[in-house]
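*Asks:* Have a look at this one.
The values are calculated or read from the model by the stated rules, or taken from the named source; none is laboratory data. Just so it is clear, the structure is predicted and the values come from calculations on it, not from any experiment. Every residue, glycine as well, gets a Cβ built from its backbone with ideal geometry; the counts of neighbours run over all protein chains shown.
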Amino acid sequence: MEYIIGVDLGTSGTKTVLFDREGHIAASATVEYPLYQPENGWAEQDPEDWWRAAATTIGQVIAESRVDPGDIKGVGLSGQMHGLVMLDREGRVLRRSIIWCDQRSGRQCEEITGRVGRERLIEITANPALTGFTAAKLLWVRENEPEIYSRCAHILLPKDYVRYMLTGAFATEVSDASGMQLLDVPKRCWSEEVLAKLDIDPALLAKVYESPEVTGEVTAEAAKLTGLRPGTPVVGGAGDNAAAAVGTGVVRDGKAFTTLGTSGVVFAHTDKISIDPKGRVHTFCCAVPGAWHVMGVTQGAGLSLKWFRDNFCYSEIVSAQGLSIDPYVLLDRQAELSPVGCNKLFYLPYLMGERTPHLDPDCRGVFFGLSAMHVRSDLLRAVMEGVAFSQRDSLEVLREMGVATSRMLACGGGGTSPFWRQMLSDVYNCPVQTVKSKEGPALGAAILAGVGAGLYPSVQEACDMLIDVNPPQEPIAGNVEKYEKLYRIYTGLYPALKENYRQLAELEL
């Protein structure tokens, strides 16, 4: 039997899944690690935590499955995008990684726009300058930590640091590199113009591959730490959402998915590049060679629900431990006690600023309409509805661009909730369904490994062979009508608060 491994490096933890050639799970393991927030709006993680988690989980799935390492034909990597990993000439980590949701680099975004020009930047990188992207983070370090910057010899993305530890290769691939703001997205290569205008040495950057291409082989040292066979191929892999697209079969025109993870994403595949000139959504190279995807991103989707759970749902956490179930199952039951609209209560999920459609690092979370009649179940449901509305914001921009779909797939931790999926179906007014496999990015990364290892002829054909979908949840007409009225109020809240957000960000106490 032949096997493939998908390693998914997330924000809360790394999950590694071992699949056989038919896509059946042989073993799965997860290791969590901390998120550091030294200041308001900052977010960092330790790259060495990622490598330890990856090495540990790879070893665990091999040991649990008792698979001969020689039967593992390839390793694929998926990971959180945009994080800045800085290494010295010996390959040692120079500082904690500034990750995707960090908002400190607003001034550097202004600098990038000034140096390159907003329209030209969008033409080349397919996106405006954003605090979440890697280039602004790098400029922040150059300005605020010049000693560290002067010692930097290599810049990698989170999953690519794990690749380096596995193979010794400094490599990345087009889907993840698209989120660095340094790639010429239409041409699928580093932009000499952007690098020159930002005064960034091209030698800092890794070689760029297509997602199914082999980027290196497992070294003898990494083999000892993981249990893999030395020489096992490691393919390019993909950024988390591009990998999720492969893992859900969204690899052809007309297909789309919604991810409810720490962040929230509405993602659509396109064989022809499509760029929003207003920069409200992101266009990246996708994991299918020669194709792209368009996606809108909500910074604080599942993060909002996790924040609410951790701060206000201790009893559910304890009860879930006693029942041996996921606490989110109990949260769903609580939220169902509140009606559609949460008794006229709204939530804006801007805990970490926002990307789509507002591009505003200063905005913050809000409960609007709170009164003495509201109870905890109303606030809980309002959080979930607010996230659904924020996802609808992204979908509306895609529809405006002519990138639309009549059916939506759901994935991520929140996508496992039938209650939240029904809410999405009602808010979107379209059917929402899931794939039978729940492994999303890990499966996508493994499929890319299988293509690179020659087990499958192409990404599309592999998806046709391995991915099945469940019956859809159809929108409920009465709920659709109510949500349309609620959504119109929701869309008016951010513009009304925009100036207040700016004032709050500038406030000194």
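*Asks:* Within the stretch 177-226, can you find the residues that are of a type in the set (Gly, Ala, Ser) and part of a helix (DSSP H, G or I)?
*Replies:* Once the filter is applied, which keeps residues that are of a type in the set (Gly, Ala, Ser) and part of a helix (DSSP H, G or I), the stretch 177-226 yields Ala177, Ser178, Gly179, Ala196, Ala203, Ala220, Ala222, Ala223.
*Asks:* Go through (1) assigned to a helix (DSSP H, G or I); (2) within 13 Å of Gly300 (Cα to Cα) and name the single condition Thr356 misses.
*Replies:* (1)
*Asks:* Given Gly227, Gly168, which one is surrounded by fewer than 24 Cβ atoms within 10 Å (Cβ to Cβ), modelled with pLDDT of 95 or more, touching a Ser or Thr at 6+ places or on another chain (Cβ under 6 Å) and under 30 Å from Ala63 (Cβ atoms)?
*Replies:* When all the criteria are applied, what remains is Gly168.
*Asks:* Sticking with this one: Filter the stretch 445-475 down to residues that are closer than 21 Å to Gly239 by Cβ and in contact with a strand residue (DSSP E or B) (Cβ under 6 Å, 6 or more places away or on another chain), then give me how many there are.
*Replies:* Residues flagged as closer than 21 Å to Gly239 by Cβ and in contact with a strand residue (DSSP E or B) (Cβ under 6 Å, 6 or more places away or on another chain) within the stretch 445-475 amount to 8.
*Asks:* From the list Ala43, Ala53, exactly one residue is more than 20 Å from Lys137 (Cβ to Cβ) and crowded, with 17+ Cβ neighbours inside 10 Å. Which is it? Please lay out each step first, then the result.
*Replies:* Working: Ala43 fails: more than 20 Å from Lys137 (Cβ to Cβ).
Ala53 is the lone residue from the list that is more than 20 Å from Lys137 (Cβ to Cβ) and crowded, with 17+ Cβ neighbours inside 10 Å.
*Asks:* For the stretch 55-92, which residues satisfy the criterion of being in contact (Cβ under 8 Å) with a residue 60 or more places away in the chain and under 30 Å from Glu147 (Cα atoms)?
*Replies:* Passing the criteria: Gly79, Gln80, Met81, His82, Gly83, Leu84, Val85, Met86, Leu87, Asp88, Arg89, Gly91.
*Asks:* Considering each of Gly239, Gly279 in turn, give the residue that is surrounded by fewer than 24 Cβ atoms within 10 Å (Cβ to Cβ), among the small types (Gly, Ala, Ser) and not assigned by TED's automatic domain parsing to the domain that holds Val383.
*Replies:* From the options Gly239, Gly279, the qualifying one is Gly279.
*Asks:* Continuing with the same structure: Restricting attention to the stretch 284-325, and to residues there that are among the hydroxyl-bearing types (Ser, Thr, Tyr) and buried (at least 24 other Cβ atoms within 10 Å of the Cβ), which single residue is nearest to Thr172 (Cα to Cα)?
*Replies:* Among them, the one singled out is Thr298.
*Asks:* Right, next: Taking into account only those residues within the stretch 455-501 that are among the polar types (S, T, N, Q), in contact with a helix residue (DSSP H, G or I) (Cβ under 9 Å, 6 or more places away or on another chain) and in contact (Cβ under 8 Å) with a residue 40 or more places away in the chain, which is nearest to Phe368 (Cα to Cα)? I'd like the intermediate steps shown before the answer.
*Replies:* First, the residues of the stretch 455-501 that are among the polar types (S, T, N, Q): 458, 460, 470, 473, 479, 491, 500.
Checking which are in contact with a helix residue (DSSP H, G or I) (Cβ under 9 Å, 6 or more places away or on another chain) leaves us with 458, 473, 479, 491.
Of the ones still in play, those that are also in contact (Cβ under 8 Å) with a residue 40 or more places away in the chain are 473, 479, 491.
Working: Gln473: 29, Asn479: 21, Thr491: 12 Å.
Only one residue fits best here, namely Thr491.
*Asks:* Could you please let me know if Val451 is touching a Pro at 6+ places or on another chain (Cβ under 6 Å) and outside any loop (DSSP other than H, G, I, E, B)? If you could, list the steps in order and put the result at the bottom.
*Replies:* On the way: touching a Pro at 6+ places or on another chain (Cβ under 6 Å): yes; outside any loop (DSSP other than H, G, I, E, B): yes.
Yes: the conditions hold for Val451.
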